[in-house]
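Visitor: I have a structure I would like to understand better, so I am pasting it below and will then ask my questions one at a time.
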Amino acid sequence: MNEDLDELQNQIQICTKCSLNLSRKRAVPGEGNEKAKIMLVGQCPGDQENEIGRPFVGPAGVLLGRLISGIRLKRRDLWLTNVVRCIPPGRLPHSSEIKTCAPFLLEEIKIIKPKIVCPLGNIALSLLLRKPAQIHQFRGKPIPTHSYFLFPALHPAAALRQSNLMPQVEEDFRNLKAFIDSNPVLEPPPGQESLF
Ligand code: SF4
């Protein structure tokens, strides 16, 4: 593994920067192809991720696997990660926890240099847009930044909570595939500040 990525993974696994370290069983670093062109970013680990220490291994991860294979990609083609690396106890992460944990994600993006970063849901989208944002307003459309395309999509867990959202979740992944196949060329927007 890339030494910088290895070091980052180690830092995450022993991190005590916020109080979530007290209730977690395992911190959950990202995983996948360290040369991935596509990075999927969820919000935080769930129960099974907390037990095993790997991202997207619970029910939402199973659905994600189906969505990925549905667009003829494999999990090992991608980098899978989260904004917050420790499970919040029965709630969404607080903004202070997101802010404290976010540098790990930004460093991960800097090391892996994906061409497309897919924020899955409001928390990842708001962090990467650096403003409060609703996924329903942005889903399925690429947003060029200085370093990569953002491609917001609904989190698969949304369809597990509300089955009527499944067609939209599937549509987002089909649109992602169409965007990948279009072989887009990044033209950074003028004047936009880089994340790094
Ligand atoms: S959530 Fe992030 S910042 Fe908080 S303890 Fe876990 S790894 Fe560290």
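Visitor: Sort the stretch 62-166 into rounded, prolate or oblate with this rule: let a ≥ b ≥ c be the square roots of the eigenvalues of the Cα gyration tensor; rounded if a/c is under 1.5, and if a/c is not under 1.5, prolate when a/b is larger than b/c, oblate otherwise.
Guide: Rounded.
Visitor: Find how much the distance from VAL62 to LEU186 grows on full extension, using 0.36 nm per residue of separation minus their present alpha carbon separation; answer in nm with one decimal.
Guide: 41.5 nm is the gain from fully extending VAL62 to LEU186.
Visitor: With the Cα gyration tensor of the stretch 1-62 giving a ≥ b ≥ c as the square roots of its eigenvalues, does the rule (a/c under 1.5 for rounded; else a/b larger than b/c for prolate; else oblate) give rounded, prolate or oblate?
Guide: Oblate.
Visitor: Right, another one. Calculate the FRET efficiency for GLN13 and ARG91 from the Cβ-Cβ distance with a Förster distance of 30 Å, rounded to the nearest 0.05.
Guide: So, using R0 = 30 Å, E works out to roughly 0.85.
Visitor: When the chain is treated as a GNM, springs tying every alpha-carbon pair under 10 Å, which of GLN13, GLN137, GLN48 comes out with the largest mean-square fluctuation?
Guide: Among GLN13, GLN137, GLN48, the largest GNM mean-square fluctuation belongs to GLN137.
Visitor: Would you mind getting the Kirkwood hydrodynamic radius of the chain from its Cα pairs, rounded to one decimal in Å?
Guide: Every distinct Cα pair counted, the radius reaches 16.8 Å.
Visitor: If you add up the charges near ASP4, with Lys and Arg at +1 and Asp and Glu at -1, over every other residue whose beta carbon is less than 15 angstrom from its beta carbon, what do you get? It would help to have the intermediate numbers written out before the result.
Guide: Details: positive: LYS35, LYS110, LYS113; negative: GLU3, ASP6, GLU7, GLU34, GLU107, GLU108.
With Lys, Arg at +1 and Asp, Glu at -1, the net is -3.
Visitor: So if each residue of separation counts as 0.36 nm, and I subtract the Cα-Cα distance between LYS113 and ALA178, what length gain in nm does that give? Write out the running numbers ahead of the final one.
Guide: Numbers: separation 65, 0.36 × 65 = 23.40 nm, distance 2.07 nm.
Extra length available between LYS113 and ALA178 comes to 21.3 nm.
Visitor: While we're here: With an 8 Å Cα cut-off and a minimum separation of 6 or more residues, compute the relative contact order for the stretch 91-196 in percent.
Guide: 25 percent
Visitor: Taking amide H atoms as placed 1.01 Å from N in the peptide plane, list the residues 5 or more away in sequence, or in a different chain, whose amide H sits under 5 Å from that of LEU150.
Guide: VAL117, ILE143, THR145
Visitor: Can you give the relative contact order of the stretch 3-181 as a percent, counting alpha carbon pairs under 8 Å and 6+ residues apart?
Guide: On the way: 312 pairs, mean separation 40.6, N = 179.
So the answer I get is 23 percent.
Visitor: Pulled fully out, how much extra length does the chain show between ILE143 and LEU129, if you take 0.36 nm times their separation in residues and subtract their Cα-Cα distance?
Guide: Residue separation times 0.36 nm, minus the Cα-Cα distance, leaves 4.1 nm.
Visitor: If you filter the stretch 1-40 for trypsin sites (Lys or Arg not before Pro), then keep DSSP loop positions with at most 15 other Cβ within 10 Å, what is left?
Guide: For trypsin sites (Lys or Arg not before Pro) across the stretch 1-40 that sit outside H, G, I, E and B with at most 15 neighbouring Cβ atoms in 10 Å, the list reads LYS17, LYS25, LYS35, LYS37.
Visitor: Cut-off 10 angstrom, C-alpha nodes, Gaussian network model of the chain. Which of VAL185, VAL28, VAL57 fluctuates the most?
Guide: Ranking VAL185, VAL28, VAL57 by mean-square fluctuation puts VAL185 first.
Visitor: Under 10 Å, Cα contacts only: if you run a Gaussian network model on the chain, which one of CYS44, CYS86, CYS15 comes out with the highest mean-square fluctuation?
Guide: Result: CYS15 has the largest fluctuation of those listed.
Visitor: Helix hunt in the chain: which complete DSSP H runs extend at least 20 Å axially by C-alpha with mean Kyte-Doolittle at least 0.5?
Guide: Membrane-span-like by this criterion, though nothing is claimed about a membrane: 95-112.
No lab work stands behind these numbers, since they all come straight from the coordinates. Keep in mind the model is a prediction, meaning the values are calculated, not measured. Don't worry about glycine lacking a Cβ; one is built from the backbone with ideal geometry, like all the others, and counts go over all protein chains shown.
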